[in-house]
Amino acid sequence: MDEALPYLLRGMRAVTTESSVLVSSSKYLNHPRLRDWVASCTLRRSGHDRPATADTHELNLILREIQDYDRIDELFERERATNPVLDAWLGERFISTFRAADLGATRPTRWAAPSCARSCRRATASTSCRLPQRCPPATCSSS
């Protein structure tokens, strides 16, 4: 191994293709709508005609098409079988009960600007955000 090569660059290898389009082994990178979303979201100018929140909604719809929820559930169940801390945490089914008033006491930190707390407070107040303490029994089956 070349010791002069920086550690994080070791192990890289060139991959070639005969294709004239982007090709990847990732189902995410091969998905045309997701590729278009990434390009549009990251390369567009900021404007009043399309708020950034619209990008998030569109991304969620695209990811629903791609994600394999059965596989994700299988991986969680496998990990829960070997990780009692995770199993207990997920089994608790905790749901936060914060309200808009709870956000009024937030103070700016070096990570969160005052405008962040104001934005959260405004968003929860405008939507009357209220979460139940526990899931209703009909929606919290143990399966």
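Remarks
- Within the stretch 42-93, tally of residues that are over 20 Å from the mean Cα position of the chain (by Cα), surrounded by 10 or more Cβ atoms within 10 Å (Cβ to Cβ) and within 22 Å of P32 (Cα to Cα): 2
- Check on L90, on the phi < 0 side of the Ramachandran plot, of a type outside the set (S, T, N, Q), in contact (Cβ under 8 Å) with a residue 12 or more places away in the chain and in a helix (DSSP H, G or I): yes
- Evaluation of R107 against (1) loosely packed, with under 11 Cβ neighbours inside 10 Å; (2) at pLDDT below 65; (3) in a helix (DSSP H, G or I) (one fails), failing number: (3)
- Within the stretch 19-41, being part of a loop (DSSP other than H, G, I, E, B), surrounded by 10 or more Cβ atoms within 10 Å (Cβ to Cβ) and among the β-branched types (V, I, T) holds for one residue alone: V23.
The values are calculated or read from the model by the stated rules, or taken from the named source; none is laboratory data. On a predicted model such as this, the values are computed, not experimentally measured, just so you know. A quick note on method: Cβ atoms are made from the backbone with ideal geometry, for glycine too, and the neighbour counts reach across all protein chains shown.
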